[in-house]
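**Q** Could you have a look at this structure, given as C-alpha cells, before my questions?
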Amino acid sequence: MSNIFIGTVIHGEGRGKQLGFPTANIELLDSTSEFPEFGVWASRVKLGNLFYHGATSIGLNSTFESTAPTFETYILDFDEDIYGEVLEVELIQYIRPMKKFDSLESLVIQIKKDVELARLRLSKN
C-alpha cells in the first residue's frame, strides 16, 4: 500500500473551521485506493510546488456520528482557500486511532495534542 494519496479539496461540514482547525476535506482521485489504518497521522502535504506539514484524520468521525469515512488534513500554519485544488498527502507517522469524544471541548484538547505531536514528529524528518 502506498502512503501517498492524491485528491481534490472539497467542501465538508465545516466542523474543523468551527473548532479552530480548518481541514482540507479530500476526495481521493483514485477511488480504488485503499484507506490506510483509520486514525490520525502526521503528514506532509504538497500543494502545487510547495510542501507543508499536516495532521491528517482518516476514518469515521464518530463524535459526530458520521457513517462514511473521511480523509481530511489540517495543514499547519496555513490559511488559504484551496477548494478545488489537488493535494498530495504523504502519511509519515501514525499518531493515534480514531476515538469518540464526550464533548467538543475534549475533542479540541485532543486535536491540539495531535497537532503538536505531528509538528514534533515532522520536525525530525
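The values are calculated or read from the model by the stated rules, or taken from the named source; none is laboratory data. These numbers come from a predicted model, not from an experiment. Ideal geometry is used to build each Cβ from the backbone, glycine not excepted, and the neighbour counts take in all protein chains shown.
**Q** In the range 77-125, which residues are touching a Pro at 6+ places or on another chain (Cβ under 8 Å) and crowded, with 16+ Cβ neighbours inside 10 Å?
**A** Selection gives L91 alone.
**Q** Is it fair to say R44 is more than 11 Å from the chain's Cα centre (by Cα) and surrounded by 12 or more Cβ atoms within 10 Å (Cβ to Cβ)?
**A** no
**Q** For the range 70-87, enumerate the residues that are assigned to a strand (DSSP E or B) and either at pLDDT 95 or above or farther than 22 Å from S123 by Cα (or both).
**A** Selection gives T70, F71, T73, Y74, I75, V86, L87.
**Q** Can I ask one more? Give the residues of the range 88-120 that are over 15 Å from L50 (Cα atoms) and in a strand (DSSP E or B), sorted by residue number.
**A** L91, I92, Q93, Y94, I95, R96
**Q** Quick one: which residue in L29, L19 is among the aliphatic types (A, V, I, L, M), touching a Ser or Thr at 6+ places or on another chain (Cβ under 7 Å) and modelled with pLDDT under 90?
**A** Answer to the selection: L29.
**Q** Has the range 54-69 got at least one residue that is hydrophobic (A, V, I, L, M, F, W, C), farther than 17 Å from K113 by Cβ and modelled with pLDDT of 95 or more?
**A** Among the residues of the range 54-69, not one is hydrophobic (A, V, I, L, M, F, W, C), farther than 17 Å from K113 by Cβ and modelled with pLDDT of 95 or more, which makes the answer no.
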